[in-house]
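Okay, structure first, notes after.
Read-outs throughout are calculated quantities, based only on the coordinates presented, and are distinct from any laboratory measurement. Not measured: the values here are computed from a predicted model. Positions of Cβ are generated from backbone atoms using ideal geometry, with glycine treated the same way; all protein chains shown enter the neighbour counts.
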Amino acid sequence: MRLVAVAAVIGALALPRPVPAADLSLGYGGAITSMDPHYHDLSPNHAVAQHIFEQLVTTDSQMRPIPGLALSWGALNDRLWEVRLRRGVTFHDGTPFTADDVVFTYSRVPEVINSPSSLARYTRAVSRIEVVDDHTIRLHTAEPVPLMPMMMGAFTIVSRRHGTGAVTSDYNSGRAAIGTGPYRFVSYAPGDRVALARNPNWWGPAQPWERVTIRMLPSDSARVAALRAGDVDAIDAVPTRDVGAMRRAGNLNIVEKPGLRLIYLYLDVNRPVSPLVTDHNGRPMTVNPLGDPRVRRALSMAINRPGIARQLMEGFAVPTGQLMPEGAMGYDPSIPVPAFDPEGARRLLAEAGYPQGFRIALNGPNDRYVNDGEIAQAIAQFWTRIGVRTDVSAQPASIFFSRVLRDEYSASLMGWSSSTGEADTPLTAISATQDPARGRGAVLRASHYTNPAVDTLIDRALATIDPRQREALYQEAIRDSIQRDVAAIPLHHQVNIWATRPGITYAPRLQETSRAMEFSPAARR
């Protein structure tokens with residue numbers, strides 16, 4: 001069944017106080033780590049960047065590619081794409097947008113210093129860019145790249161004039177944050193807010209908001225309180241436990257749509273000794289038990305996914321045993337949701353040589369994904385019941401991710417959302433052998449898993465033009481790496497939830513990103 005969901009907008013239209021006609025204030029549940037659009041492959045960063053900068057190819061609400069800065073594109077042969085650029089586009093300072101800015105962007109993406117999760121996986125397939133004229137380029141590749149349109153949509157274009165010599169701090173200060181998008185940079189206060197102003201010279205349709213403020217409100221209670229008080233006009237990542245009360249109150253609108261966000265567990269599967277795995281007395285173990293697929297399978301079987309979806313997520317989650325949701329490219333109907341079987345899990349642990357279990361620390365954020373801290377606590381209880389005594393450390397995302405970069409964890413609660421709508425990005429980030437030079441793996445997801453056969457399947461999939469054959473390769477790679485090897489433990493796909501004050505309408509997209517361009521003043525009756 002194809003993944004299709006219609007947003008349900010619920011609530012009365014009585015306004016508690018007037019909504020400013022020309023301003024919009026959004027409350028983000030996810031932290032924004034930089035205004036540099038190429039620094040961090042992170043959904044909140046992309047959402048903010050796309051106000052200021054633009055992609056060559058953008059997508060509609062169902063992630064189908066549509067023109068952005070590129071008016072058209074097509075394959076001249078299986079290793080050459082021609083892209084015709086939009087004419088008459090200018091950067092915010094009046095500089096014309098040309099092919100030279102595209103060439104500069106492709107060269108910049110893989111060179112961003114200290115990137116915690118590089119966007120290079122989307123650019124490295126292009127071996128050479130041929131500039132035909134100021135508004136026509138040809139992308140040469142060493143291998144067929146069937147996903148080129150979606151890859152062109154995974155990052156935004158920056159100005160050569162302002163980007164030459166610029167580093168991430170120059171984008172954070174605004175000096176280099178000069179794009180072609182519908183909004184201009186005004187200010188950025190890390191950990192607090194981003195201020196934007198409408199770009200009156202944008203080539204696209206006129207935007208209704210003169211000023212946009214994006215506030216970072218990672219605390220669920222603070223985010224909801226800000227909406228109720230009228231301090232913000234809309235929020236994303238609505239806590240599932242608050243949806244019912246919001247609906248009953250009748251003075252807020254709820255919008256929901258199933259998305260691509262996978263919540264899963266990363267395990268340190270391939271280091272001989274893992275830092276946060278010990279025996280029950282707290283002594284380091286000389287052998288990493290997570291290296292045994294039977295142990296990983298036992299940990300997966302010990303988790304009651306339907307229970308988490310029903311009780312913690314209030315039904316706003318779809319339990320899964322694979323990387324992609326039903327209806328998306330790469331979903332495999334033959335892969336079941338792993339059965340909740342604690343007795344079977346205990347038997348597998350004993351078979352692997354751990355009849356008494358062991359001790360492990362489970363780390364994760366407590367302000368990045370919906371109910372992330374509560375989910376980690378529930379998993380700890382499930383694992384403890386089979387003899388794997390689990391200590392939970394849930395931290396603010398900024399702290400959690402900084403420690404992930406230092407490879408300090410043995411088990412982590414994580415999330416991933418495909419930027420193409422296909423299984424290519426979760427496979428290259430989660431299942432592929434770490435290879436930064438090729439844009440494979442990610443320093444934020446260093447499970448140390450490696451399987452050359454899976455790498456070969458991924459390589460073949462990414463070079464296969466026929467979508468049915470490509471999907472079959474995706475499915476085989478997922479069966480081998482996730483279902484058989486348990487390289488990661490999928491838990492569920494999130495249903496995305498937004499809430500707005502009456503007088504504000506929202507048109508959700510399959511992506512979980514929240515952008516001012518999808519919000520509109522409600523039509524007067």
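General observations
- Cα centroid separation - region 235-278 against region 173-227, whole Å: 24
- Rounded to the nearest 20 debye, the dipole size of the chain about its Cα centre is 840 debye, using +1 on the Cβ of Lys and Arg and -1 on the Cβ of Asp and Glu.
- Look at where the Cα atoms of region 35-63 and of region 283-359 average out, and the two centres are 33 Å apart.
- Cleavage-rule hits (trypsin sites (Lys or Arg not before Pro)) in region 344-442: DSSP loop, at most 10 neighbouring Cβ within 10 angstrom: Arg406
- Rounded to the nearest 20 debye, the dipole size of region 359-426 about its Cα centre is 340 debye, using +1 on the Cβ of Lys and Arg and -1 on the Cβ of Asp and Glu.
- The residues neighbouring Arg184, those whose beta-carbon lies less than 14 Å from its own, together hold a net charge of 0 under the Lys/Arg +1, Asp/Glu -1 convention.
- Ignoring the sites themselves, the chain has its longest run without GluC sites (Glu not before Pro) in a DSSP loop having at most 15 other Cβ atoms within 10 Å at 1-209.
- Leading residue at positive end of dipole, region 259-495 (Cβ point charges), from Pro426, Pro365, Val295: Val295
- Once the Cα-Cα distance is subtracted from the 0.36 nm per residue extended length, the Asp391 to Ala22 segment shows a gain of 128.0 nm.
- Cβ-based net charge around His140, under 9 Å, with every Lys or Arg adding one and every Asp or Glu removing one: +2
- Dipole size of region 59-105 about its Cα centre, with +1 on Lys/Arg Cβ and -1 on Asp/Glu Cβ: approximately 160 debye, rounded to the nearest 20.
- Rounded to 10°, Cα long-axis angle of helix 452-462 versus longest principal axis of the chain: 30
- Cut-off 10 Å between beta-carbons: net charge of the residues surrounding Ser159, Lys and Arg +1, Asp and Glu -1: -1
- Region 66-80 - phi-based ³J(HN,Hα) in whole Hz, Karplus 6.51/-1.76/1.60, Gly and Pro as x: 9, x, x, 6, 9, 7, 7, 7, x, 8, 6, 7, 6, 10, 8
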